[in-house]
Amino acid sequence: MRNILILITLISGLIFTSLIKNKTRLLEKELFYLDNEINILSTDLSEASLDFHYLTTPKRISLLAKNFLNENFMHYKEFQIKKSIKSEKDLVVLKKLKNDNTFNKLNTNEFVNKNTNEFVNKKTNVTKSFDDNQLLIAKRIGNKNPQKSKKIISSKKAQQWAGIQILKAFLGIPTVPFK
Amino acid sequence: MPNKKGKDNNSSNHIPWRNRGFFFEDYETPKYEYKQKLRFSEVKLSLNRISFIFFVFLVVGFVFGSKIIYLASIKKKNYFTNKLVPSVFLKRQDILDRNNNLLARNVKLYSAAIKPRFITDKGKLLINLKLIFPNMDIDRIKKKIEIGKYFYIKKRLSELEWKKLWLLGDKSIDLNGKQFRVYPHESLFSHVLGQIDDDNLGVSGLEKSFNKKLTESKNPLILSLDANLQHIIREELISGNNIFQTLGSAALLMEIDSGEILSLVSLPDFDLNKRTNIEDPIYLNKITKGVYELGSVFKTFTLAAGLESGSIKANTVFRDLKNQIICGGMPISEHDELPKNLTAEEILVRSSNIGAIRIAQKIGVKRYKEFLNSLELFEKINFDLEEVGTPLSFKWEKCKLETASFGHGITTTPLQIAKAYAIIGNGGHKINPTILLKKNISLRNEGQIISLKTSNIINSMLRKVVSNKKGTASFADKKGYEVGGKTGTARKVINGIYSKEKKINTFVSLFPISKPKYVLLVMLDEPKSAPDFVYEFSSGYKLTGETRNTAGWNTVIVAGNIIEKIGPILATNNLQAYNKL
């Protein structure tokens, strides 16, 4: 009995060892492939970042800006810029407007609500018109395709092809489907 | 007598062994004995074999066992992968700027070499090489092949060149991969980064001084430099070089509280990707290695020494200032006609040489010398780069005090001047210039050299040099940036004689002066007057045909343009400063 137990232990030990060894080997293989992939990816990343850094150097960007940007940036000095409020005259006009309660009117809730409503309405109108246009285009596309497909199905060619196939079947000639 | 076989011969009738004939009996052994012997020898043999096999297995087991123990004991986690997967580990770490822009990186590139022993068809090989490299000197290659030694035909191949050579499938062409250092900014940081040799070892610049860190550390080296600022400053210097036809120029931008250098440009520079031997002294790093007499920028130190020692006040009047004096047989004169009576402040604002001499004389040699020494202007600076100049030694003899007061007869590096200005600007705190990014480190604890009061007075004086109409640096008065600074025009010494035409023009500025944050030093080497250049005054007045060649007419222009461009990037609270004006 004791010998049998020892034998069983030995055999099971052998089996388990081989199983574990096999599993370890597979894991090692997987690790190897993963490491390889990581290495390749890190090399790619390093090269890509190097490309990025080279392409975004200030020197290259300024060159690209010179060649491709249409905007002609002008350098203005402070004294070259005219001020929006030119003189005291304008200020007087503004004061008058203030005294006439024009600004107060502008600030009232009614005015604000009215304007916002108008703005919202305008916005919805714009979106509506935009949606309508989109629908129209969609309809055109939808109308075009069925017409084409109808033409294909109802064409005489298809009918002729079906007739020929039936004839061939009667005569014993092998039919070639979807010629 | 026993015979040879060990048997007793008495039984064979005393016939001597030699005289006896052959008898089978003599060789017969009893059957039982024979069988016993046979059995014994068989067992012995099989036992020997078993023990031998056991020994072999034991040895094999020991070998494998020791290998298993070794594998278990080593620390490397990726033992298997390290052995099998091609390594991508680089020999040198990256160098980044303060915004993590890449300044230097190692990449694997291919070089093409020829192994003359393996050449089968020389003519075909040469034709192929000529097709791939049309500019290659084929005769030189031919000669080298004839010598028969292994040689390189081209290093750092492009991908296309490598592919073409690889597709040739020629055994004699050796395409070996090697790590090379790549600098995406080409020449932008040439004087700072330096170069490496073929073995990936630093030979100059940061590559040399931080060689150990770059090769052993796992983290990249992060610098305090800013690539965008560096580019802008370089562009402005190049533009200044073109306008004023200079021999070279340099600029340094530094934070005055931390000592972190944001930009260090020295022109002419060189492309780091084309590794070459640079021997011409024109290529030296003018900021750190160049040792110059920098002229009137020293007057600021004279004023600071006077204020700090209590010898003068800002409004102390110096009367009867002569236009020229003789010192040690040499005439010292003013650069322009100046009033005879000037206050200490006016002496700095109008850059009076004679006034500076009078202040220095009032301070006295001992105190003046001590003050300059406390700013560490005449000793070799401790800096991150190895390329650091040593100021020329001198003795405080007769007339030295007088000449030193306006920056002549004494030399130092522009880096040390910038450092001294930073100390004066930041409230008198000692700083150490650095090129490495040091996050959250306040360097203000290193000791105070001048008082806050003196610092504030000097700052307000420096502002007047720029903002005052009679100041020498009015072209740098850029609205919104509160620039303050001091100009310096020094004649170059050629063969021991002061040249009249060749000058070193410098402008050191602090901005925004109400609470200084940055020091900018701009230096032009041998600028020429630019009569065609249109000078624009802040009032809108334009001037052409100017032939003066002092710092105020060239270096200040360049510095002003730089501040105007970098100001928005540095975000010096332009609007707030603007509103204060």
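Each value in this text was obtained by applying a stated rule to the coordinates, not by laboratory testing. All values reported here derive from a predicted model rather than from experimental measurement. Using ideal geometry, Cβ is built from the backbone for each residue, glycine included, and neighbour counts are taken over all protein chains shown.
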Packing-based ranking, highest mean first, of B:516-524, B:113-121, B:454-462 given that Cβ atoms within 10 Å are counted: B:516-524, B:454-462, B:113-121
Sequence ranges B:94-101, B:187-194, ranked by mean other-Cβ count within 10 angstrom, highest first: B:187-194, B:94-101
Euclidean distance between Cα centres, the stretch B:306-376 to the stretch B:189-229, Å: 44 Å
Net length gained if the chain between B:Ile69 and B:Asn495 were fully extended (0.36 nm per residue, minus Cα distance): 145.9 nm
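Average partner chain C-beta neighbours within 10 Å, per residue of A:46-56?
Mean inter-chain Cβ contacts per residue within 10 Å come to 4.
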For B:Phe318, distant residues with modelled amide H under 5 Å away: B:Leu342, B:Thr343, B:Ala344
Highest to lowest packing among B:42-51, B:388-397, scored as the average C-beta count within 10 Å: B:388-397, B:42-51
Nonlocal amide H pairs with B:Leu272, under 5 Å, H built at 1.01 Å: B:Ser187
Peptide B:227-238 - average C-beta neighbours from other chains (10 Å radius): 2
Likely footprinting exposure, A:Met1, B:Met330, B:Met254, fewest C-beta neighbours within 10 Å first: A:Met1, B:Met330, B:Met254
Inter-chain shielding of B:103-110 (mean C-beta neighbours from other protein chains, 10 Å cut-off): 2
Table column - 3J(HN,Hα) (Hz), the stretch B:504-517, Karplus curve with 6.51, -1.76, 1.60, x for Gly and Pro: 10, 9, 10, 9, 10, 10, 10, 8, x, 5, 5, 8, x, 10
Trypsin sites (Lys or Arg not before Pro) within the stretch B:178-244: DSSP coil, no more than 12 neighbouring Cβ in 10 Å: B:Lys218
Per-pair calculated FRET efficiency, R0 = 35 Å: A:Asn36 and A:Ile6 via Cβ, rounded to 0.05: 0.20
